[in-house]
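This report refers to the structure that appears directly beneath it.
The values are calculated or read from the model by the stated rules, or taken from the named source; none is laboratory data. Bear in mind the structure is a predicted one, so any value in this text is a computation, not a measurement. In this analysis, Cβ positions are derived from the backbone assuming ideal geometry, glycine residues included, and neighbour counts consider all displayed protein chains. Note: accessible area is taken over every heavy atom of the protein model, side chains too, but ligands, DNA and RNA are not part of it. Shrake-Rupley method; radii C 1.70, N 1.55, O 1.52, S 1.80 Å.
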Amino acid sequence: MIWQTSRFAIDLTRPQVMGIVNVTPDSFSDGGRYGSTAAALRHCEQLLKEGADILDIGGESTRPGSPAVPLDEELSRVVPLVREAVTLGVPISVDTYKPNVMRAVLDLGADIVNDIWALRQPGAAAAVAAHPQCGVCLMHMHRDPQTMQQAPMDGDVVSQVLSFLELQAHNLLALGVEKTRILLDAGIGFGKTVEQNFALLARHSELLAAGYPLLAGWSRKSSLGAVTGLEVDQRMVPSVAAAVLAVERGASVVRVHDVRETVAALAVLSAMQRSG
């Protein structure tokens, strides 16, 4: 299976590790650590040394309760880094829901738009559809970052998430976007209870029935803290465990902070699968 992006046809027969690069002062895990372009670029290079296949750059925190960032501020954080990162020889994803940011980074050569709103913001779907072949990741989010955990979802989370993602993908296909450009993300932690998040992990096969590859984003999430009692800076081991479980259940891409450890764990999983 191939994920078509701006510059790369990514082979998803091997699970892809997407390294997180936050250029924000307030992300829940590493906010403020890579605020300058130089520091963020060094982090990009380090993640590549650790084995990252894709880099995911974000200029706005989407942790529960986080405020929206003005357009000009997000552009000032993201554009200088993307301009440098596209020279690194790997697919560059940008985590944004603003169409103006999408257009700016795609013009610079970015490969993937990773949107927590699944292109529901006015003009976002058109921005992606206007590009000849950029990749896109459509994520499910209940409500918005400011309110999503105040009133999480009710009912069967898997069927609701599946229906939503199928609809958003269908809408994008109707705009002329090729199916090979689309990846889906169930949105772990985005308006779901702990139990619902783990139901999404356990029932990956039902999400795969939509016919699109899946991205799993468990890294350091609060649900892992809820079941382990570990603070966010201590969640590397459960994050790696969740990534391995997600891949074993069919995820094609895992979005992680701890790249080296995740790559090593997936090598063990791969060795087992080859021998089975």
> What size of dipole, in debye to the nearest 20, comes out for the chain about its Cα centre when the only charges are +1 on Lys and Arg C-beta atoms and -1 on Asp and Glu C-beta atoms?
Replying inline: 320 debye
> In square nanometres, what is one fourth of the surface area of the convex hull spanned by the alpha carbons of region 56-199?
Replying inline: 8.6 nm²
> Where does each of 170, 140 land when they are ordered by accessible area, with a 1.4 Å probe and the largest first?
Replying inline: 170, 140
> Of the heavy-atom accessible surface of the chain (probe 1.4 angstrom), what whole percent is carbon and sulfur?
Replying inline: 54 percent
> Which shape class, rounded, prolate or oblate, goes with region 164-276 when its Cα gyration tensor gives a ≥ b ≥ c as root eigenvalues, a/c under 1.5 marks rounded, and past that a/b bigger than b/c marks prolate?
Replying inline: oblate
>> Give the residue list of trypsin sites (Lys or Arg not before Pro) in region 1-103 that are DSSP loop and have at most 14 other beta-carbon atoms within 10 angstrom.
In response: 33
> In the chain, which helices (entire DSSP H runs) extend 15 Å or more along their own long axis, judged by Cα positions, while averaging at least 1.6 on the Kyte-Doolittle scale?
Replying inline: 236-248
> In straight Cα distance, which lysines are under 23 Å from residue 179, not counting same-chain residues fewer than 8 positions off?
Replying inline: 98
>> Tell me the Rg and the Dmax, in Å, that the Cα atoms of region 186-235 produce.
In response: 11.8, 36
> Mind checking the dipole of region 119-276: about its Cα centre, +1 per Lys or Arg Cβ, -1 per Asp or Glu Cβ, Debye to the nearest 20?
Replying inline: 260 debye
> Can you give the direction-averaged projected area of the convex hull of the alpha-carbon atoms in region 119-179, in nm²?
Replying inline: 4.7 nm²
>> How large is the Kirkwood hydrodynamic radius of the chain, counting all unique pairs of alpha carbons, in Å?
In response: 18.5 Å
> Between region 51-91 and region 112-135, how many Å separate their Cα centres?
Replying inline: 15 Å
> In whole percent, what relative contact order does region 19-173 give with Cα contacts below 8 Å and a gap of six or more residues?
Replying inline: 18 percent
> Ordering 163, 252 from largest to smallest accessible area (1.4 angstrom probe), what's the sequence?
Replying inline: 163, 252
> Can you tell me the Rg and Dmax of region 222-276, counting just the alpha carbons, in angstroms?
Replying inline: 11.8, 36
> Taking a quarter of the surface of the convex hull around the Cα atoms of region 5-104, what do you get in nm²?
Replying inline: 6.6 nm²
